[in-house]
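The structure under discussion appears below in the form of structure tokens.
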Amino acid sequence: MVLAVALLMSGQACQTATENKETMKTDENELNAIFPKGEKGSEEFFTGNAYPTSLVASDSIHTTLAGNVYFEPGARSHWHTHPSGQILIITDGVGYHQIEGQPIEVIKKGDVVKCPPNVKHWHGASPDVGLQQLYFIPNTENGIVEWMEPVTDEQYSIK
Ligand code: MN
């Protein structure tokens, strides 16, 4: 009986995942959206249209957060830090990642980016192509994110 319920539940989960994928195919965004787009992120944290979606909530055993953000072209996070750092895995598109005091780094599908703890940085899409990025925030017992000021148009433009 327990097995039957487990099978039924996994069957439902598969079906839901398939439905989501098909929904995303009709999205105006031409990038391969693996995960649901989610709601538009707050202007308190993002410039432009960014859509963060939580995929894994941290708990007492797994103290790691994981999620996806879809950034439309031109959209980016505000400057911020993570107390235990962050790992980004880019699943599609082209974007920018910048650690304060360093040049903007162009990031694209297949790139993996590590940002050290308590280092001020931002990330987002390039001006012409959007970005699909997975984020992983470890050791959430130390905190998740400290938000700071927006990235100005001047800071965003690669010279
Ligand atoms: Mn970050």
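For this structure, a couple of remarks:
- Accessible area per residue in Å² at 1.4 Å probe, computed on region 19-159: 53 Å²
- Separation of alpha-carbon centers, region 106-151 and region 68-98, rounded to whole Å: 4 Å
- Under 11 Å from a label point set 7 Å out along the Cα-to-Cβ vector of VAL145, the amide N atoms of region 37-55 belong to 41-47, 50-54.
- Applying 1/(1 + (r/R0)^6) with r as the Cβ-Cβ distance of ILE61 and ASN118 and R0 = 22 angstrom yields a FRET efficiency of 0.30.
- Over all other residues within a Cβ to Cβ distance under 15 Å of MET148, the charged ones net out to -3, with Lys and Arg as +1 and Asp and Glu as -1.
- Working from label points 7 Å from Cα in the Cα-to-Cβ sense, the THR152 to SER54 distance is 3.5 nm.
The values are calculated or read from the model by the stated rules, or taken from the named source; none is laboratory data. As the structure is a prediction and not an experimental result, all values here were calculated from the model. Backbone-built Cβ (ideal geometry, glycine too); neighbour counts: all protein chains shown. These area figures cover heavy atoms from the full protein model, side chains too; ligands, DNA and RNA do not enter into them. Shrake-Rupley method; radii C 1.70, N 1.55, O 1.52, S 1.80 Å.
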